[in-house]
Structure formats: structure tokens, C-alpha cells
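In what follows, a single structure is set out as C-alpha cells and then discussed.
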Amino acid sequence: MQGFGKGLKEIRDRFDTIMERAIKKHEEERKKRKEVGNGGEGQIKDLVYVLLDIHEDHNSNIKLTKENIKASRSW
């Protein structure tokens, strides 16, 4: 059973790395949009963009961490 646990940890670690890259890619795209000046207004946003908006909004009643975003998995 130890091999099973180790395998699960490796899969979880790989998934976490993939999710970190995806979030970083979205953050970079958002930064570019903000530099252009419109902040992405009028553009279609996927779930990750919406979750990052909430994450960055310090006035929001909802507090999200990057761990919360990674856990959403629906994207």
C-alpha cells in the first residue's frame, strides 16, 4: 500500500505544478491586459480569470487563495 500512497503524492504534485503554470499564465495575460489599459474589460473571461479577480479584490466578502483556485478543478 505504500507504493499506492507514493503514487498518489506524485500525481498530486504533478497536478499542482500544472495548475500553478496555468494560473501563472492567466496572471501574465491579465497583467498584459491591464498594461494595454482596458484591464480586459469587454473581453470574455474564463473561470480562472473570474477567480483571480476575486482573489485580488481586497474589498470582496469572498476571500480566495491560490490553493482555493487550484482546488476548483472545474476549469
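The values are calculated or read from the model by the stated rules, or taken from the named source; none is laboratory data. Quantities reported herein were computed from a predicted structural model and do not represent experimental measurements. Don't worry about glycine lacking a Cβ; one is built from the backbone with ideal geometry, like all the others, and counts go over all protein chains shown. Surface areas here come from the heavy atoms of the whole protein model, side chains and all, with no ligands, DNA or RNA. Shrake-Rupley method; radii C 1.70, N 1.55, O 1.52, S 1.80 Å.
Which is the longest stretch in the chain that no exposed loop site breaks, taking sites as trypsin sites (Lys or Arg not before Pro) with a DSSP loop state and at most 12 other Cβ atoms within 10 Å?
Numbers: sites that count: K63, R73.
It works out to 1-62.
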**Request:** Could you work out how far helix 2-36 tilts from the main Cα principal axis of the chain, as a 0 to 90 degree angle to the nearest 10?
**Result:** 10 degrees
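About the Cα centre, and with charges only on the beta carbon of Lys, Arg (+1) and Asp, Glu (-1), how big is the dipole of the chain? Nearest 20 debye, please.
Values: 17 positive and 14 negative charges, 55 e Å.
Dipole of the chain, to the nearest 20 debye: 260 debye.
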**Prompt:** Considering amide H positions built from the backbone, and no H for Pro or chain starts, which residues 5 or more places from L64, or on another chain, come under 5 Å of its amide H?
**Reply:** none
**Asked** Hull surface divided by four, with the convex hull built on the Cα atoms of the chain: how many nm²?
**Response** 6.1 nm²
**Request:** Please give the per residue accessible area of the chain, computed with a probe of 1.4 Å over protein heavy atoms only, in Å².
**Result:** 80 Å²
**Prompt:** Which of the residue pairs K34/K70; K24/K45; K25/K70; K9/K45 have a Cα-Cα distance greater than 20 Å in the structure shown?
**Reply:** K34/K70; K9/K45
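With runs of 4+ DSSP H residues as the only contributors, calculate the mean residue ellipticity of the chain at 222 nm using -39,500 (n - 2.57) per run, divided by the residue total and rounded to the nearest 500.
Helix contribution divided over all residues of the chain: -23500 deg cm²/dmol.
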**Request:** Could you please state how large a percent of the accessible area of the chain is carbon and sulfur, counting protein chains only and using a 1.4 Å probe?
**Result:** 55 percent
